[in-house]
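The values are calculated or read from the model by the stated rules, or taken from the named source; none is laboratory data. Computed from a predicted model, the values in this text were never measured in an experiment. With ideal geometry, Cβ positions are generated from the backbone for all residues, glycine too; neighbour counts draw on all protein chains shown.
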Amino acid sequence: MSTEGWFRKKVSFPDKAAGQSSATVPVGLAVKCVKCSTILFNRDFDKNLRVCTKCGHHSRLSAQQRIDFTVDAGSFEEFAGDLRSVDPLKFPEYSEKLLQSVKKVGAGESFRVGFATISGSRCVIGVSEFAFRGGTLGSVAGEKIVLAMEAGAKLGLPVVLFTASGGARMEEGLIALMQMAKTSAAAALLSKAKQPLIVVLADPTTGGVLASYASLGDILISEPGAYIAFAGARVAKQAQTQKLPDDYQTAEYRLAHGQIDMVVQRRDMPATLGRLLGFLSKPTEAAPQSNGSNGHLSSNPLDAPSDVRHESYIAETSDGAF
Ligand SMILES: [Zn+2]
């Protein structure tokens with residue numbers, strides 16, 4: 001479920017043209033821009049890639065929307081979609097919250113990975129599911145990111161990751177923090193295999209995610225207005241003696257201070273990524289061929305040998321249940 005201002009019941013708007021005091025809009029037909037409060041019809045909003053037509057605000061996306069807006073139609077082939085966390089610390093109410101998130105969001109975890117083609121360039125792609133526990137980095141998200149990097153290294157493919165996360169997952173404690181080292185080690189593995197890592201820091205990218213793999217891309221991209229921060233605004237302000245600028249912790253501020261490489265409009269993202277992948281890709285003999293078959297999937301990333309995976313905290317399901 002998106003955090004946008006969805007109408008939960010019928011809402012009335014003035015209908016001046018009809019000379020009426022109000023008109024009724026059915027549930028789900030329109031949304032309100034969280035920045036400028038303009039009412040936008042869903043049909044137009046979707047057509048504009050969920051960017052406000054008035055103020056240009058880039059709204060948060062589900063993982064599926066991100067995939068649909070980015071990769072070539074029909075090219076996404078997910079793997080490791082059946083991994084589930086097993087509540088390793090028996091954290092109070094964690095199992096119930098996970099089940100609720102699965103039911104509410106319709107996703108198994110806070111990260112999805114797969115093979116895809118972006119503007120004609122083959123790659124491994126990973127996308128945060130922010131609506132699932134705030135896109136937090138837990139054992140399964142960490143494992144999937146590692147699998148994506150290992151697949152890139154093994155198959156000779158570049159890796160593109162879209163982040164949107166509140167940081168490490170509190171309910172998994174130290175095991176969640178371990179994912180920072182684990183994903184960083186995997187990024188080093190990919191680098192050693194001479195395959196590029198492109199990270200798109202979407203709104204919001206914070207905490208342990210920013211402090212690990214999200215900052216380790218060869219190229220760091222963001223979307224206009226995205227919130228990018230290690231600590232929250234209140235904590236950051238308390239830690240500083242001087243007044244911070246209004247755009248502190250935004251993509252634009254990061255760009256101006258050399259912390260990211262570019263800020264790209266959502267509509268330009270596929271072409272930009274395709275161009276970068278074309279520049280950076282270095283096909284190897286192991287790289288999959290675009291022969292119309294699924295031959296490139298014959299090497300299951302789950303079978304890849306690993307120095308950085310810790311599978312004992314993760315369950316594999318075949319029926320999507322815990
Ligand atoms: Zn707006």
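Whether a residue is out of contact with any Ser or Thr (no Cβ under 6 Å at 6 or more places or on another chain) and part of a loop (DSSP other than H, G, I, E, B) was assessed, and Gly258 passes this test.
May I ask you to verify whether Leu157 is assigned to a loop (DSSP other than H, G, I, E, B), in contact with a Pro (Cβ under 9 Å, 6 or more places away or on another chain) and at pLDDT 95 or above? Steps first, answer last, please.
Values: assigned to a loop (DSSP other than H, G, I, E, B): yes; in contact with a Pro (Cβ under 9 Å, 6 or more places away or on another chain): yes; at pLDDT 95 or above: yes.
It is true that Leu157 is assigned to a loop (DSSP other than H, G, I, E, B), in contact with a Pro (Cβ under 9 Å, 6 or more places away or on another chain) and at pLDDT 95 or above.
The residues of region 209-238 that are within 23 Å of Ser139 (Cβ to Cβ) and at pLDDT 95 or above, listed by number, are Val209, Leu210, Ala211, Ser212, Tyr213, Ala214, Ser215, Leu216, Gly217. In region 8-30 there is at least one residue matching the filter, namely being at pLDDT below 95, among the aromatic types (Phe, Trp, Tyr) and over 23 Å from Ile221 (Cα atoms).
Out of everything in region 84-117 that is in a strand (DSSP E or B) and either at pLDDT below 95 or out of contact with any strand residue (DSSP E or B) (no Cβ under 7 Å at 6 or more places or on another chain) (or both), what residue ends up being farthest from Thr205 (Cα to Cα)?
Here the residue is Thr117.
Among the residues of region 168-179, none qualifies, meaning not one is surrounded by fewer than 24 Cβ atoms within 10 Å (Cβ to Cβ), touching a residue at least 24 places away in the same chain (Cβ under 8 Å) and within 23 Å of Ser59 (Cα to Cα).
Within the bounds of region 41-50, is there any residue that is touching a helix residue (DSSP H, G or I) at 6+ places or on another chain (Cβ under 6 Å), touching a residue at least 12 places away in the same chain (Cβ under 8 Å) and outside any strand (DSSP E or B)? Among the residues of region 41-50, at least one is touching a helix residue (DSSP H, G or I) at 6+ places or on another chain (Cβ under 6 Å), touching a residue at least 12 places away in the same chain (Cβ under 8 Å) and outside any strand (DSSP E or B), which makes the answer yes. Does Ala202 fit the bill of being closer than 22 Å to Ala63 by Cα, touching a residue at least 40 places away in the same chain (Cβ under 8 Å), touching a strand residue (DSSP E or B) at 6+ places or on another chain (Cβ under 7 Å) and surrounded by 16 or more Cβ atoms within 10 Å (Cβ to Cβ)? Yes; evaluated as a whole, the condition is true for this residue.
Among the conditions (1) away from the ligand (no atom under 16 Å from the Cβ); (2) more than 30 Å from Gln195 (Cβ to Cβ); (3) hydroxyl-bearing (Ser, Thr, Tyr); (4) part of a loop (DSSP other than H, G, I, E, B), the only one that Ser75 does not satisfy is (2).
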